[in-house]
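> Before I ask anything, here is the structure I am working with.
Laboratory data are not the source of any read-out in this text; all were calculated from the coordinates shown. Treat the numbers as computed from the prediction; the structure is a model and nothing was measured. Here Cβ is always computed from backbone atoms with ideal geometry, including for glycine, and neighbour counts include all displayed protein chains.
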Amino acid sequence: MLNIAVMGHGVVGSGVLEVFYKNRASMERKANKEMDIKYVLDLREFSDLPYADKFIKDFELIVNDPEISIVVEVMGGLDPAFTYVKRCLEAGKSVVTSNKELVAAKGAELLKVANEHDVNFFFEASVGGGIPIIRPLHACLVANEIDEIAGILNGTTNFILTKMIREQMSFTDALALAQKLGYAERNPAADVEGHDACRKICILASLAFGKHVYPDEVYTEGITELTLEDVEYAKNWGGVIKLIGRAKRLPDGKVAAMVSPAFVSSDSQLSSVDDVFNAVLVRGDATGDVVFYGKGAGKLPTASAVVADIVDAAKAEHSSTSLRWEDNPAHNTVTDYLDAEVSMYVRIGYDNFDKATKVIGDLFGEIKPIYRSGIDDEFAFISPVLTEREVSQKLEQVAEKGLQVLGKVRVLGY
Ligand code: HSE
């Protein structure tokens, strides 16, 4: 019998127990092993559940129990998750996690510990919820040099943007709905300020490019500044606004990476990814573009990825099949985002239209204007391709000349 401990009985943890007991027989067949969940670690009381007898409050029972060979960490956060996971790996137990904060901050270190102790550290559920993306990247696409990864990596913000685009719902109302439906993180700032998407693009980039990319290296903007006016300009331009995480390998081995809202053309595959769905585009040198699509958040899709990792860990018992990537203690894999080239949507408020168009024309050269009907105190434009630094400098000059910069969003060509 292979015994499992689950640490955390929140949305994902309870989903893991649900999926495990629903599909236990077929999973045992696939793993060719009998399996059961022996402990569930949580400080709260769950006395009315059918598996109430499995609840414990003391982590030491798990780490010191030689019968436990797989530990599932679905507590979230860094502390105490990091300590617990590291101690379990050192004690010769494989660990499966959905915790992107943990993998993005400590992935290289934990993979090394797993490898040294002949156990596995699996984290399929940390990116894309139920979408298989981690394993395809390090297994099925292993014959490729990955040049670039870009995607809609956060279900909550994609849900909010979809409500803003399709129903003109305000940001606040859409966020409240996302929280009610259980999509948002405990602290919604992680979603709406882009940190969750940042952690996910860091994990994907580390995996694809072989060197740890840390979240503090990646310039990150969320969706809190976006307005329904921006959404309307995007529509008049011919597209939609999406929160995109992206990372690109540069010829010198460095990585260009960023998380930000972006104008995406209606022709792009990413433009039709709506609601809580995620999509990840992987550009390989042999495959060309491969797109992974599915539910990126929610109890059962995420639990499905966790339980799949349990089966893989069971199959790989006594061997370390986990991937590895190099650590980068200097946090210097990513280049300065200000050197990146970009075309920018800019929204301008004015008192005098002729003066405004002259100022913008003089500073930016050939622009593509966008208007909203019936509005005579603002307009928007798409800038030519410039470096981020040049765009920022020019926008400072725009403000100095008495115009208002009401918003800006990058225009991407995926
Ligand atoms: N809050 C996350 C999201 C959950 O909305 O995508 C899945 O990682």
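> Looking at GLY151, GLY128 in this structure, which one is within 16 Å of ASP274 (Cα to Cα), crowded, with 22+ Cβ neighbours inside 10 Å, more than 10 Å from the ligand (Cβ to nearest atom) and touching a residue at least 40 places away in the same chain (Cβ under 8 Å)?
None of the other options fit; the residue is GLY151.
> Given the condition away from the ligand (no atom under 16 Å from the Cβ), assigned to a helix (DSSP H, G or I) and touching a Gly at 6+ places or on another chain (Cβ under 8 Å), answer yes or no: does some residue in the stretch 207-228 qualify?
Checked against the condition, which is being away from the ligand (no atom under 16 Å from the Cβ), assigned to a helix (DSSP H, G or I) and touching a Gly at 6+ places or on another chain (Cβ under 8 Å), the stretch 207-228 yields no hits at all.
> Working carefully through the options PHE123, PHE159, find the one that is touching a residue at least 40 places away in the same chain (Cβ under 8 Å), under 16 Å from THR224 (Cβ atoms) and within 13 Å of the ligand (Cβ to nearest atom).
Result of the check over PHE123, PHE159: PHE159.
> LEU228 passes all but one of (1) among the hydrophobic types (A, V, I, L, M, F, W, C); (2) over 15 Å from ALA208 (Cα atoms); (3) surrounded by 18 or more Cβ atoms within 10 Å (Cβ to Cβ); which number fails?
(3)
> Among the residues of the stretch 258-280, which ones are assigned to a loop (DSSP other than H, G, I, E, B) and within 17 Å of SER343 (Cβ to Cβ)?
SER266, ASP267, SER268
> Please state which of the following conditions LEU141 fails to meet, knowing it meets all the rest: (1) buried (at least 17 other Cβ atoms within 10 Å of the Cβ); (2) within 14 Å of GLY222 (Cα to Cα).
The single condition LEU141 does not satisfy is (2).
> If ASP173 satisfies all but one of (1) in a helix (DSSP H, G or I); (2) free of Cβ contacts under 8 Å to residues at least 60 places away in the same chain; (3) within 16 Å of the ligand (Cβ to nearest atom), what's the number of the condition it fails?
(3)
> Out of the stretch 9-31, which residues are crowded, with 18+ Cβ neighbours inside 10 Å, of a type outside the set (Gly, Ala, Ser) and over 25 Å from LEU43 (Cα atoms)?
Within the stretch 9-31, MET27 is the sole residue that qualifies.
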